[in-house]
Amino acid sequence: MDFKRIDKLIEKIKKLDGEKRIFLERIEKLKEKKGSISDIVYQKVKGDYDKKVDTLDAEIYPLVEQLAVQKSEVESMLKEIEQELSEVNIKKEEIQVRCDLGEFSQKKADEMIKAIEDENKERFDLFEKLKNYSKKMEEVLRENILMQENNMPDFEEEKDNGEFSDAISDVNQEDLEDAFETKTGINTHLPEIPVPNEDKTVFDYSLNNEEGKTMLIRQPVLEIISGENAGTQFRLKLGTTNIGSDESNDIVLNDFSVEFKHAQVVFEPDGFKIYDFNSEKGVFVNGKKVSECILNEGDEIVLGGIRLKFKN
């Protein structure tokens, strides 16, 4: 395991995250001043900051992908060493039990246990080191997920050069909050999670819409179509929906074949696009391995051993 490489990745990501956070904070402060400055100045400054954030995201994203891969490798090593050390601990326990039953003295037992610990010292040290690195990597990955979720599209801003629709006041606010904040998940070894309400709607501001009107559409879902959880659905968010086996994801597929952060679905102008998060097993859409792909009604997605269908 190249720990120096991991340290460099973490250091670089944290540096870029710090720069991105500065611009995100400036954008928030700018929004507070929106009513007291001209629209032209507001749009120009905000546009500059948005471009800075996009540029930083372009740098951060591949580094986060690499870190996620390294995290997966660390977790694999941890499992292997944990199994080995479990066998070592069983040997130590057996020695102590035999000592308690009178086969040999406590001094002799202590010597035998110490000999085993000395023999396996490198593995014990490596296990602790891997645990510490796993924790550090998880913190960085979680921070990026949170920053992505906080950097959602703002429906109070203009859509290109179009005016914000006054019709927003006619739409149920709970639906909007639900579209952004709902966190979904599945554990393939637990009882099936209830299917979300299919009547939920989300906003779709289209350039083809007439000015001042808001079009409502059903929120797309991913539906499990294989295994004991077939039929379970997960609503996608407006923004980024992260999918993987770790609890920090929006859709949690707790299956050994699904990686820590396997894929993400992003709401873009062209529609919902799925990205492979540099996973080892890959992302397949309709039987074809893809790095990124716009999703269409009925598309079948395979992540590890889990099969899903995209439904509008």
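Here are some notes:
- Each residue in segment 214-232 was checked for being open to solvent by 10 Å² or more (accessible area, probe 1.4 Å), outside any loop (DSSP other than H, G, I, E, B) and at pLDDT 90 or above, and 2 of them qualify.
- The single condition from (1) over 19 Å from the mean Cα position of the chain (by Cα); (2) farther than 30 Å from LYS129 by Cα that ASP54 fails is (1).
- Residues in segment 112-131 that are open to solvent by 30 Å² or more (accessible area, probe 1.4 Å) and either within 16 Å of LYS79 (Cβ to Cβ) or at pLDDT below 90 (or both): ARG123, PHE124, LEU126, PHE127, GLU128, LYS129, LYS131.
- Each residue in segment 13-56 was checked for being open to solvent by less than 30 Å² (accessible area, probe 1.4 Å) and in contact (Cβ under 8 Å) with a residue 12 or more places away in the chain, and 10 pass.
- One residue alone among GLU82, GLU59, GLU87, GLU75 is assigned to a helix (DSSP H, G or I), under 29 Å from LEU126 (Cα atoms), under 19 Å from the mean Cα position of the chain (by Cα) and not β-branched (Val, Ile, Thr), and that residue is GLU75.
- Long-range neighbours under 6 Å by Cβ, at least six apart or interchain, first residue open to solvent by less than 60 Å² (accessible area, probe 1.4 Å) within segment 1-12, second in a helix (DSSP H, G or I) and among the aliphatic types (A, V, I, L, M): LEU9/LEU63; LEU9/LEU67; ILE10/VAL140
- Qualifying residue in segment 246-253 (condition: open to solvent by 60 Å² or more (accessible area, probe 1.4 Å) and either of a type outside the set (Val, Ile, Thr) or at pLDDT 85 or above (or both)): yes
- Restricting segment 254-299 to residues that are of a type outside the set (Val, Ile, Thr), part of a strand (DSSP E or B) and more than 15 Å from ILE243 (Cβ to Cβ), the residue that is most open to solvent (accessible area, probe 1.4 Å) is LYS288.
The values are calculated or read from the model by the stated rules, or taken from the named source; none is laboratory data. Keep in mind that what you see is a predicted model, and the values were worked out from it rather than measured. A quick note on method: Cβ atoms are made from the backbone with ideal geometry, for glycine too, and the neighbour counts reach across all protein chains shown. Just the protein is used for accessible areas: all its heavy atoms, side chains included, with ligands, DNA and RNA removed. Shrake-Rupley method; radii C 1.70, N 1.55, O 1.52, S 1.80 Å.
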